[in-house]
Amino acid sequence: MRLRRGIAAGVLVATGLVVPAGTAAAATCDTNTVNWYTRGGHEVYVGTNLYSDWMEGPGRITYQKTATSESNSSWSGDLGVSIPLVIAEIQNKYSKTVGKSHSVTDSWSYTAEVPAGKVRRLHQLKQSWRVQVVRWKYTTSDCKKTKEISNRTATFPTKNRDYLWILVGRE
């Protein structure tokens, strides 16, 4: 190891570049550039546009229709990062195929029991993926300190046919 350092130092001196022994070139970071990443990715179910009629229990409520189920991302333009970049990050980091929206036309059929004295209806939920989009920047040019600028949550529907039906109520 000592011989290699000596040879490398000799080559640097011979080429006219002098680097003090034991030091490396200092990293320089732009303190004005805003960077981003995603964190905390996890599965959630988010409501679609499909609901049954209301029913007062006790009884059995059924949703049986051919309809288009639609779900959309909760993305807001104030995150400071483009949707395609975040979708690509989710695909690469979490191996999830998501989109800005998801729409499927199908024949849906689901039945549930409504408890006595309760008013309920069926609501369809769509599997989605939720992440936090974090924007940050370096606060020192030596790359040793950073500052989080913003942290927002965004949800994107998965590109699959994973749905869940639940009873929702009003009292």
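The values are calculated or read from the model by the stated rules, or taken from the named source; none is laboratory data. The structure presented is a predicted model; accordingly, all values stated were derived computationally and were not measured. Heads up, the Cβs are rebuilt from the backbone with ideal geometry, glycines too, and the neighbour counts pull from every protein chain shown. Side chains included, ligands, DNA and RNA excluded: accessible areas come from the protein's heavy atoms. Shrake-Rupley method; radii C 1.70, N 1.55, O 1.52, S 1.80 Å.
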One residue from GLU113, GLU148, GLU89 being among the acidic types (Asp, Glu), under 26 Å from the mean Cα position of the chain (by Cα) and open to solvent by 80 Å² or more (accessible area, probe 1.4 Å): GLU148
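Being β-branched (Val, Ile, Thr) and either open to solvent by less than 20 Å² (accessible area, probe 1.4 Å) or part of a strand (DSSP E or B) (or both) is the filter here, so list the residues in segment 116-139 that pass it.
Scanning segment 116-139 gives VAL119, VAL131, VAL133, VAL134.
Here's the yes/no breakdown for (1) at pLDDT below 95; (2) closer than 30 Å to GLU113 by Cα; (3) within 12 Å of the chain's Cα centre (by Cα); (4) not charged (D, E, K, R):
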| position | (1), (2), (3), (4) |
| --- | --- |
| GLY40 | no, no, yes, yes |
| TYR51 | no, yes, no, yes |
| ARG60 | no, yes, no, no |
| THR66 | no, yes, no, yes |
| GLU70 | no, yes, no, no |
| TRP75 | yes, no, yes, yes |
| GLY80 | yes, no, no, yes |
| ILE83 | yes, no, yes, yes |
Within segment 67-76, is even one residue without any contact (Cβ under 8 Å) to a residue 40 or more places away in the chain, part of a strand (DSSP E or B), open to solvent by 30 Å² or more (accessible area, probe 1.4 Å) and of a type in the set (S, T, N, Q)? yes
The condition from (1) part of a loop (DSSP other than H, G, I, E, B); (2) open to solvent by 70 Å² or more (accessible area, probe 1.4 Å); (3) touching a residue at least 24 places away in the same chain (Cβ under 8 Å); (4) not hydroxyl-bearing (Ser, Thr, Tyr) that LYS96 misses is numbered (2)
Those residues of segment 42-61 which are touching a Phe, Trp or Tyr at 6+ places or on another chain (Cβ under 7 Å) and open to solvent by 50 Å² or more (accessible area, probe 1.4 Å) amount to GLU43
The lone exception for VAL81 - which of (1) among the aliphatic types (A, V, I, L, M); (2) surrounded by fewer than 15 Cβ atoms within 10 Å (Cβ to Cβ); (3) more than 22 Å from VAL46 (Cα to Cα) it fails: (2)
